[in-house]
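The values are calculated or read from the model by the stated rules, or taken from the named source; none is laboratory data. Small disclaimer: the values here were computed from a predicted structure and weren't measured. All Cβ positions, glycine included, derive from the backbone under ideal geometry; neighbour counts span all protein chains shown. Surface areas here come from the heavy atoms of the whole protein model, side chains and all, with no ligands, DNA or RNA. Shrake-Rupley method; radii C 1.70, N 1.55, O 1.52, S 1.80 Å.
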Amino acid sequence: ILQNEVQMSAFTAIDPHTNRTVWIPFFIRAHRLPEEIQTLYPAFVAAEVLGQMLALIACSLAVFVYYRVCALHFNLAQTILNAIYVAIPFVILRFPLILMETGVIRYESLADDVIIIISLIRAFLFVSLYNFEINIAVERYFALKYVRTYEKVKRRHISLIILTINNLYSLAIAYLLTYDYIHGFIYVALTCVANNFALVTFLHSAKKNELIRMKLIQFRRNDASYTISYRWQLQDNARSARELRILMIGCNCIINFILPVMFVPALIFDHDPAKSGILEAAKLFYQVISAYVFVLSAFYLTFIIQKHRDYIFGVTTVEEFTHAAELSRTDNRMIADTEKHFIRLSQEWKVDRTRKIPEIVEITIN
């Protein structure tokens with residue numbers, strides 16, 4: 001009975017080693033497609049391959065620009081780059097499946113070991129990608145919590161902890177989904193709720209950061225606690241929030257639309273023989289659309305940052321960005337050197353650095 005049900009399914013197979021049902025959502029059986037779509041199948045494959053190649057190019061460009069310009073805080077940059085690192089193998093692992101689907105590489109059944117392993121890895125990468133919004137929201141929360149020292153004290157362990165937890169969670173969910181220990185409805189509902197909560201958290205942190213910044217500017221201009229690094233970090237948080245707001249809202253819309261629309265019907269009608277061809281066509285459409293979504297997302301992640309656009313279009317040379325990075329994104333050694341420089345100047349000018357100067361001093365730097 002189980003074998004008959006699996007044979008009618010578009011998404012499941014039986015692992016011969018464990019005799020358990022496994023979830024195979026990324027493999028398309030072309031012979032099951034409706035006849036009117038089978039004639040267009042080569043065109044769909046060509047469009048998908050083109051999209052996947054463009055996605056790899058766009059992701060490579062994003063990684064190059066992020067490391068070349070270094071315009072963001074280390075934790076924020078690593079959190080964004082992690083999504084690109086995950087997207088690259090997710091795209092690459094689609095190619096062997098395409099070769100199997102088109103008959104270039106022969107396979108015995110949907111329960112082939114290679115198909116199951118690739119499906120498990122892609123499920124892990126898929127879950128990790130859909131946690132992108134949550135990772136950004138958590139990182140921005142810590143940027144606000146440690147706003148006074150977030151620039152001077154790098155706290156690189158924050159991004160390490162966020163991404164480690166993300167990977168462990170994604171691996172666990174991918175295994176449970178692939179081997180049918182949890183129902184897909186649970187994952188879809190959990191992901192949608194978590195990402196909506198992450199969006200609310202991100203917007204709340206951005207609003208709170210802006211309120212703090214405006215309050216300090218208006219009422220605490222002469223407060224000694226309002227240091228240059230504190231002010232700079234508030235400005236940087238506000239700038240990052242403006243640049244990432246549209247991205248976060250867009251990701252939220254994609255997650256809340258794609259997950260229910262693409263997977264809920266599959267979970268409902270999977271064992272209906274009359275719906276098998278439609279579900280295979282839905283998987284085909286999803287693969288083509290997702291390829292170009294990756295292209296747009298990678299380009300957007302690259303061009304959303306003003307300094308990235310300036311570098312790409314030649315407005316500012318990379319040497320200027322490198323110099324700016326050395327001054328603004330300093331490590332502890334640079335901070336120590338700067339502190340020594342100010343101590344030396346205060347001794348030469350015979351000025352007490354701890355004394356509060358009531359006058360406003362304007363300095364113009366050419």
- line: Counting only residues that are at negative phi and touching a residue at least 40 places away in the same chain (Cβ under 8 Å), the stretch 58-89 contains a total of 22
task: Could you please find all residues in the stretch 129-161 being more than 22 Å from Ile246 (Cβ to Cβ), open to solvent by less than 50 Å² (accessible area, probe 1.4 Å) and in a helix (DSSP H, G or I)?
output: Ile158, Ser159
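Among the candidates Ile116, Ile98, single out the residue that is open to solvent by less than 40 Å² (accessible area, probe 1.4 Å), in a helix (DSSP H, G or I), in contact (Cβ under 8 Å) with a residue 24 or more places away in the chain and touching a strand residue (DSSP E or B) at 6+ places or on another chain (Cβ under 7 Å).
Values: Ile98 fails: touching a strand residue (DSSP E or B) at 6+ places or on another chain (Cβ under 7 Å).
Answer to the selection: Ile116.
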- request: Would you please list the contacts, defined by Cβ atoms under 9 Å and residues six or more apart or on different chains, that run from a residue in the stretch 241-256 that is closer than 15 Å to Val138 by Cα to a residue that is open to solvent by 70 Å² or more (accessible area, probe 1.4 Å)?
  value: Ala241/Lys207
field: Members of the stretch 300-324 that are in a helix (DSSP H, G or I), at pLDDT 70 or above and more than 17 Å from Ser240 (Cα to Cα)
entry: Tyr311, Ile312
Lone qualifier among Phe126, Phe185 - being crowded, with 19+ Cβ neighbours inside 10 Å and either at pLDDT 90 or above or assigned to a helix (DSSP H, G or I) (or both): Phe126
